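*Asks:* Okay, here's the structure, questions in a sec.
The values are calculated or read from the model by the stated rules, or taken from the named source; none is laboratory data. Everything quoted here is computed from the prediction, not taken from an experiment. Glycine gets a Cβ as well: all are built from the backbone with ideal geometry, and neighbour counts include every protein chain shown.
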Amino acid sequence: MAQLFRFQAKNSQGEIVEGTLQAETESQAYQQLTEQNYFPMLIEPAKPEPGPKGDSLLKKLRFFSSHKVSSRELARAFDHFSVLIRSGFPILKCIELIQKQIQSPVLINSFEQIAKDVEGGTKLSDSISNFPTVFPATVVGAIQAGEASGKLDYVFSELSRSFESEADLRAKIGAALVYPVFVMLFGIFTVFFVLTFIVPKLIVFFETWDHPLPLPTRILLGISSLLTHGLGVVLIVFFVALVLFWRRLSREKKMSILTSTTKVVPFFQSVLFLVDFVPLARTWSLLLRSGVPILESMRIVESVVSNLHLRKSLKQVSERVMQGSRLSESLYEAKVFPDLALSFVSVGEESGGLDVSFERIAQFYERELDQKLKVITTLLEPILILFVGLGICFIVLSLLLPIFEINMLAQ
């Protein structure tokens, strides 16, 4: 009766190959491998798949976890890959060791299936392509190039560096927005608390007055009454629903909404462009360094871009390059790249170092993005503090105006 055997063997090029095969005995499995020009190193019965009862609680909970993996986690995983491959470990063993080092349940679950695929003879890039929500198209393209060139260790090292840079960029954007968002939320909470818990206790006091209340006071009391009679709950539910809706939107839709709402402010438009442009340049550099052909790299970088106008322009550039035009000329005609970036691309084409040019473009415009984020932070902080102060000032004056009027009439 045939059974499943797991094997490790060397092919005619001296590369270590791992997989499974069907045979009645180990000697028959050995014979099958030698007939296929493999030199067997290890043959053992494959372990049976664990049944549902053997699944741990953690594995069951993974089903309910998010399908997104942070750039920092991907960077660490690919860094482990690079080190292990340089140390001479086969791909399957690398995956098994990496699973013990990473923390993300989604990534662990993905690597479990990838290990099964690789053990069955599937190429690493083909297996990874089955997890588009975990591994971007950039990863698949770079690994395919690394498999073709035999430089997987270099490719994994570059992928790790690229995702680390992307994580740093996102951290900078998040850090720039933390304080303004905190001030805004604190101000909203303070005003909401005063209107729903403090002002209602004063309404009884004002109702005993025969003198008509000033307009600001009547407005304040009206808003407070609405909030305490259901509008406050409605606003809280609406805010929570809005946050959940925003989280479910794709990056492309989020960018489209932000671009549409900031059209009147060119400065914010330039910031949103750089948020897309810097990862584009860095990804393009990574793909070219990994050995991905120029046309294929252009197709892959389109998936990194969220700006629909920029994505459409890149498609037009790709068509022109396919027809024989130079990349720098096609980008110039599309009018989407900044002038300095076009100069870098032109020099890179002349020198044959487009990968270096795109890396320098990413570094230069990342510095420009940092400067713009600092400007936003510097401007937003006093503006938000001013608005919070005006809100508190309106509440205080609205409550004090009736007292001032009574004193004036008494005199």
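*Asks:* If you take the residues of the stretch 92-107 that are within 24 Å of the chain's Cα centre (by Cα) and under 18 Å from residue 119 (Cβ atoms), which of them is surrounded by the fewest Cβ atoms within 10 Å (Cβ to Cβ)?
*Replies:* 100
*Asks:* To continue, here is another question. Taking the stretch 324-346 as the search range and keeping residues that are of a type in the set (Gly, Ala, Ser) and surrounded by 14 or more Cβ atoms within 10 Å (Cβ to Cβ), which one is nearest to the chain's Cα centre (by Cα)?
*Replies:* 341
*Asks:* Another one. Contact list please: Cβ distance under 8 Å, first residue in the stretch 388-411 and among the acidic types (Asp, Glu), second residue at pLDDT 75 or above, pairs at least six apart or on different chains.
*Replies:* Once the first residue is among the acidic types (Asp, Glu) and sits in the stretch 388-411, its partners that are at pLDDT 75 or above give 405/214.
For every residue, the table says whether it meets (1) within 21 Å of residue 287 (Cα to Cα); (2) touching a residue at least 60 places away in the same chain (Cβ under 8 Å).
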| site | (1), (2) |
| --- | --- |
| 74 | yes, yes |
| 88 | no, no |
| 99 | no, no |
| 102 | no, no |
| 114 | no, no |
| 122 | no, no |
| 126 | yes, no |
| 150 | yes, no |
| 167 | yes, yes |
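*Asks:* Being hydrophobic (A, V, I, L, M, F, W, C) and surrounded by fewer than 16 Cβ atoms within 10 Å (Cβ to Cβ) is the filter here; which residues of the stretch 119-157 pass it?
*Replies:* 148
*Asks:* Further, regarding this structure: Being out of contact with any Pro (no Cβ under 9 Å at 6 or more places or on another chain) and surrounded by 14 or more Cβ atoms within 10 Å (Cβ to Cβ) is the filter; apply it to the stretch 369-386 and report the residue that is farthest from residue 304 (Cα to Cα).
*Replies:* 385
*Asks:* For the stretch 232-291, enumerate the residues that are surrounded by fewer than 11 Cβ atoms within 10 Å (Cβ to Cβ), modelled with pLDDT under 80 and either farther than 21 Å from residue 167 by Cβ or outside the structural domain of residue 194 (by TED's automatic domain parsing) (or both).
*Replies:* Across the stretch 232-291, the qualifying residues are 248, 260, 261, 263, 264, 265, 266.
*Asks:* Return the only residue of 177, 169 being within 15 Å of the chain's Cα centre (by Cα) and of a type outside the set (Ser, Thr, Tyr).
*Replies:* Among 177, 169, only 169 is within 15 Å of the chain's Cα centre (by Cα) and of a type outside the set (Ser, Thr, Tyr).
*Asks:* Another question, if that's okay. Given (1) polar (S, T, N, Q); (2) buried (at least 21 other Cβ atoms within 10 Å of the Cβ); (3) under 15 Å from residue 70 (Cα atoms), identify the lone condition not met by residue 160.
*Replies:* Failing condition for residue 160: (2).
*Asks:* Considering each residue of the stretch 148-190, count those that are in a helix (DSSP H, G or I), of a type in the set (D, E, K, R) and within 17 Å of residue 79 (Cα to Cα), and give that number.
*Replies:* Of the residues in the stretch 148-190, 6 are in a helix (DSSP H, G or I), of a type in the set (D, E, K, R) and within 17 Å of residue 79 (Cα to Cα).
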